[in-house]
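Engineer: I have a structure I would like to understand better, so I am pasting it below and will then ask my questions one at a time.
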Amino acid sequence: MYEQLPVPFGLVRFGVAPDHPEVKNCQDTFQDVAASPNYTFIGNVHLGLELPLPLLAKHYDAIVFAYGASKDRKLGLTGEDKPHIYSARAFVGWYNGLPEYRDLNPDLKAGETAIVVGQGNVALDVARTLLSKVDDLRKTDITEYALEALSQSKIKHVHVVGRRGPMQAAFTIKEVRELLQLDDVNFTPIPNEYFPQDLKALPRPRRRLLELLQKGSPLKDKATKSWSLDFLLAPKSIQWSTEDPNKLEGVTFSKTKLEDPASSHSKVSSREETVALATSTLFRSIGYKAEAIPGMDELGANFDERKGTIQHDGAGRIVPLDTVPQSGSGTTKKASLYCSGWVKRGPTGVIASTMTDAFETADAVVEDWKKTFHSGDISEIARENLAPERLGWQGVLRDAQTMNLGLQPVHWENWQNIDREEKKAGEVRGKPREKFGSVGEMLQVSGK
């Protein structure tokens, strides 16, 4: 398993909210997999940049691309790259210790109101983190630098804004309930006009969610913070101070109209009427997008730039599987290619659905392997794939050294050293772990 960072677990480590430790229990299963003698972890290797994909393909019979969606979608508004505007991915990565965002340093002291554009679970994670008591977060594996910034935050109200209504919202009941149960935080009631008249006719999961939203939570007399779900609003423009062009003052939204308010998949259109919401901090949380790895096209993988996914047969087999010219050697058959997760089906779903998707791709790999090595009638493609010179990681390492690529791979035992030191640092602070915020810090304790 090749990983760009020196640490494993990807989204589980860097994307799951710190106050959701139960979601991270899937790491136990991953640990069991790593204990297999047939598993090799190769971390701190950036495929496509440090290590060319054709070199990887040369030494493997099959490659599974499961690298997720590393970029966030933008609003497409003028000025959204200016200060005080952050992507939810960057903010979540920042408080979770993702080295890429160690120096994000979001300014949470600019004012008392924040807007989150988007109404998925990640948007609610952002809102909950901004509104939670810092002392409650101290017990989690959130980074110390994030705790310091949150302890100085002046944010008192969070608008969670979406262009559709409650029937179409992507968040789930668990995340809503957690926000409603926060101490010291009130929820702004949602007008009844946003709800269907007959909730009982809805499928049970959606009915329970809408009943919870309609019920809301009792007002807390001593509450000092609040949040709201603002529906049927699409961001139109960003307002800045006339005195300071880098001081965010608000966002103008176009009111929207649903073609079929009762449908969970209703189309939406913008109206001429607008609404202005004042804010000092803006987060965009409208989805993620995968990017192609450099050299992927050389292997025959067709990456759809518009969808942000790799084209496949539905089960994870990347199509087309064809031949590529190799200098001085005519034509060489590539390794069989597969994809899984968000780069396969798009950035939707939770860890459980991603694992189900992984099982589907794994089944495809095993099925093809059985056809190749255990069938008496081996196809021409399968026969060409029986390449004796494929040596796996040892072959990659040998060629990388010959080519002076300068790889500094981190293996599982090195990760275990990092893991142990993080837990030690966390124990001192009364938390599960204190993550290292930079690759340099990770490597320093890895034993490399």
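Bear in mind these aren't lab numbers, they're just calculated from the coordinates by the rules spelled out. Treat the numbers as computed from the prediction; the structure is a model and nothing was measured. Here Cβ is always computed from backbone atoms with ideal geometry, including for glycine, and neighbour counts include all displayed protein chains.
Engineer: Kindly put ARG345, ARG398 in sequence by how many other C-beta atoms sit within 10 Å of each C-beta, fewest to most.
Structural biologist: By the 10 Å Cβ count, ascending, the order reads ARG398, ARG345.
Engineer: Determine the sum of side-chain charges near LEU147: Lys and Arg each +1, Asp and Glu each -1, restricted to other residues whose C-beta is under 14 angstrom from that of LEU147.
Structural biologist: 0
Engineer: Most exposed first by the Cβ proxy, i.e. fewest other Cβ within 10 Å, how do SER446, SER36 rank?
Structural biologist: Placing the least packed residue first, the sequence is SER36, SER446.
Engineer: Would you list GLU273, GLU100 from fewest to most Cβ contacts within 10 Å?
Structural biologist: GLU273, GLU100
Engineer: Another question, then. For a 22 Å ceiling on Cα separation, which of these pairs sit above it: LYS109/LYS423; LYS156/LYS257; LYS71/LYS247; LYS74/LYS267?
Structural biologist: LYS109/LYS423; LYS156/LYS257; LYS71/LYS247
Engineer: What size of dipole, in debye to the nearest 20, comes out for the chain about its Cα centre when the only charges are +1 on Lys and Arg C-beta atoms and -1 on Asp and Glu C-beta atoms?
Structural biologist: Computed about the Cα centre, the dipole is about 1020 debye.
Engineer: Which label belongs to the value computed from this structure, given these candidates for semi-axes √(5λ) of the Cα gyration tensor in Å: [x] 38, 27, 22; [y] 36, 29, 18; [z] 43, 27, 21?
Structural biologist: Label [z] holds the value from this structure.
Engineer: Charges at C-beta only: +1 for Lys and Arg, -1 for Asp and Glu. How large is the resulting dipole of the range 1-99 about its Cα centre, in Debye rounded to 20?
Structural biologist: The dipole of the range 1-99 has a size of about 320 debye.
Engineer: Count the DSSP beta bridges whose two residues both fall in the chain, then state the antiparallel fraction as a percent rounded to the nearest 5.
Structural biologist: Taking every DSSP beta bridge with both residues in the chain, the antiparallel ones total about 50 percent.
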